[in-house]
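Visitor: Let me begin by handing over the structure; questions about it come next.
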């Protein structure tokens, strides 16, 4: 393999680095790409090639042709750079395995030195097929077929992508970056890839954190300005979708005093917006979980199937006594800076996600960097992340709203203000420079 190229910003030796990623979309990958660009820009000239999601995820034949032209245009420019990084979330390259693999292959082939950051690790184990069989036995045929389809798609993509990369690694430098040690071992030991580095997500340095925290005040969200002193704010963060488990946080509110308020930061993902759908199904489920707009009569009917008409009419039309309206606040989607500031604004950040096989989570990384108190469900991704930051996350079992309420109502296990993260933007920059084939000078040392 070629020797690493020295990077010396002081002497003007600034390599040209390209990043291929979705960038202008409202999504986690775009947000992380912006963070990586900031980190690398201190020692390199960085250009981002935005993967146009309108083109690449469209299934109409005329648009597919434009999508191929889009990929070809990006590929034609990559040889001009010293190194290329691909921020890979498979779905950003297309909707079908064959198009994803074809488009990714063109980018890989056109790149000089390069590294690929995997945000999702596709594995071809048989757990999904086993789950599909159990669903079929329960008569849930649609769910079983969906699981089989997901498994087949995963197999095609995993075998195709990893095989393509193994072949490419025989011809040129292709390094891999993943977000935890478990994924590193899987790609290295099971799929035979070389040069696999691992580092947790990292977004902001101390100066950026201080800049954002300076904007935080109790008046930054006007819709909360009327709440009295002593109000405790519990924040959940991320796009509103079922796997985020926000209903667990809502159920926890029933076990907390009335001065605890739940702030839900995030909106429906742009790709989840459905034509003529009066309300997103998951948003509707959250409103119902909070018993908002639910009368006693409706609650009794939902529970018992009928309501005794001899009951007191006034009691049947009144709001449900457990109505959380006024204690649940939908805060909407925020900019990157406001998202981070909101985490510092809250007394605790709660991440009640379900286990869906994720490799990482941007919200937990940003929350720790912002020195927020973090309470998270015991998912594999969160536990892998906590290995880099021992003792910095308070855990509860997935869905256990009783334990969650107990944690929220108790004193923090650690003092967030005294937190120091050994894995940070400096160490992340070092990993990227190594993966891209560059060697920082001593005065740029990042470890």
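Visitor: Label points 7 Å out from Cα along the Cβ direction at residue 72 and residue 273: separation in nm?
Guide: 3.2
Visitor: Modelling each spin label as a point 7 Å along the Cα-to-Cβ direction, I'd like the residue 284/residue 387 distance in nm, to one decimal.
Guide: 4.1
Visitor: Note down the nm distance, to one decimal, between modelled labels 7 Å out along Cα→Cβ at residue 64 and at residue 41.
Guide: Placing both labels 7 Å beyond Cα along the Cβ direction yields 3.8 nm.
Visitor: Could the peptides 333-346, 67-80 be put in order, highest first, of the mean number of other beta-carbon atoms found within 10 Å of their residues?
Guide: 333-346, 67-80
Visitor: Something else about it: How many angstrom separate the Cα center of the range 406-428 from the Cα center of the range 166-216?
Guide: 21
Visitor: If you average over every viewing direction, what projected area does the convex hull of the Cα atoms of the range 352-447 give, in nm²?
Guide: Mean orientational projected area (the range 352-447, Cα hull): 7.2 nm².
Visitor: Report the calculated FRET efficiency for residue 333 and residue 123 (r = Cβ-Cβ distance, R0 = 30 Å), to the nearest 0.05.
Guide: 0.45
Every number here is computed from the coordinates shown, using simple stated rules; none is lab data. Not measured: the values here are computed from a predicted model. Neighbour counts run over all protein chains shown; Cβ positions are idealised from the backbone, glycine included.
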